[in-house]
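Here's the structure, in structure tokens; my notes come after.
Each reported figure results from applying straightforward, stated rules to the coordinates on display, with no laboratory input. Just so it is clear, the structure is predicted and the values come from calculations on it, not from any experiment. Glycine gets a Cβ as well: all are built from the backbone with ideal geometry, and neighbour counts include every protein chain shown.
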Amino acid sequence: MFYRVRTDQEIEQVINLAWCIWTEHYTPIIGAKQVEYMLNHFHSKAQIAQQINVDNYQYFLIKSETKEIGYIGLKIDKDALFLSKIYILGSARGTGVGRATIEFIKNLAEKNNRRKIYLTVNKYNNDAITAYAKFGFIKTGELCADIGGGYKMDDFQMELVF
């Protein structure tokens, strides 16, 4: 179900999923122009390759039987696991994939002797915030960052300690 992204072709699969998921899910939250800006700047082939090859991130494709339905991007930090990206196609949400993905991430954290996972989530992404809370994440702070292009990321930080 979870396959480590290592090749250019797999990075392309991540990018294709990102465009599909972000366009569908985030356009009502942040608008089409910011979605396009963020995809071009944070989900580009160069950016993902940089994260994997230089910044020590790990990406995984999430597959159902024969097709990719989402992806995650994470980094093992000094004391915790940073969950940078977790995106699942709308058609696959509500099927247990999210829970299985969180369990996979928790297992990965444990294998690396980490007992905390943290992430950031847009303050207006109510569905994701509700899902994270169901999995045991709690809000631990707020972040507002200028990301260029006249855009800001206005997020909650959430964490899960287990």
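Taking GluC sites (Glu not before Pro) across region 1-110, the ones in a DSSP loop with at most 10 further Cβ atoms lying within 10 angstrom of their Cβ are GLU65. Above 26 Å, the calculated P(r) of the chain contains 23 percent of its Cα-Cα pairs. Only lysine pairs 8 or more places apart, or on different chains, with alpha-carbon atoms under 13 angstrom apart are counted in region 45-152, and they number 7.
Quote the convex hull volume per residue of region 1-50, based on C-alpha atoms, as a whole number of Å³.
Working: hull volume 3.8 nm³, N = 50.
Residue-normalised Cα hull volume stands at 77 Å³.
Rounded if a/c is under 1.5, else prolate if a/b beats b/c, else oblate: with a ≥ b ≥ c from the C-alpha gyration tensor eigenvalues square-rooted, which is region 84-162?
Working: a/c = 1.93, a/b = 1.34, b/c = 1.44.
Oblate shape, in that a/c is at least 1.5 and b/c is the bigger or equal ratio.
In this rough spin-label picture, where each label sits 7 Å from Cα along the Cβ direction, the ASN56-ASN126 distance is 4.0 nm.
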